[in-house]
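> Before I ask anything, let me first share the structure, which is written out below as structure tokens.
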Amino acid sequence: MKLTDLISAAPWREAKTFRHTWPHEYVLLQKDDQRELLETVCQRLRNGEGVPCRFFAMDNLYLFIGDYKYWLMTHYDEVDWDDEEVLNRAPLYRDRRDFIIQPGDSGMPQHYPANPPHQPKEQQP
């Protein structure tokens, strides 16, 4: 099955605790029977398709597909296939916030900071 088909068939649920700040959805490996989806995402990340991004102080790899970005709570090489792993997704902002989140940002699209974040010198190309 294609990744986009797996994504469409997954039972995404709203992350209610972040509804008013960083809205996103998630699926669970075991509870939602999403092994094939998580395996496919992990393989895409292993293949180098992930984009390094920062959510405040947390570095992560995101997979950008369609109108969403996807990320795991565990590194793709450390997923425990017998545990309840999580795959998250959030709609793209289509601005620099998709890559770097700065302090003071609320996460709501209408609250984009007047001065977008700058990459630290060690991350500049």
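> Provide the FRET efficiency to the nearest 0.05 for the Glu39-Asp59 pair, computing r from the beta carbons and using R0 = 22 Å.
0.45
> What part of the accessible area of segment 1-42, given as a whole %, is carbon or sulfur when the probe is 1.4 angstrom?
Carbon and sulfur together cover 50 percent of it.
> Additional query: So what are the radius of gyration and Dmax for the Cα set of segment 1-104, in Å?
13.2, 41
The values are calculated or read from the model by the stated rules, or taken from the named source; none is laboratory data. These numbers were taken from a predicted model, which means no experiment stands behind them. Note: ideal-geometry Cβ built from the backbone for every residue, glycine included; neighbour counts use all protein chains shown. To get the accessible areas, we keep the full protein, side chains included, count just its heavy atoms, and leave off ligands, DNA and RNA. Shrake-Rupley method; radii C 1.70, N 1.55, O 1.52, S 1.80 Å.
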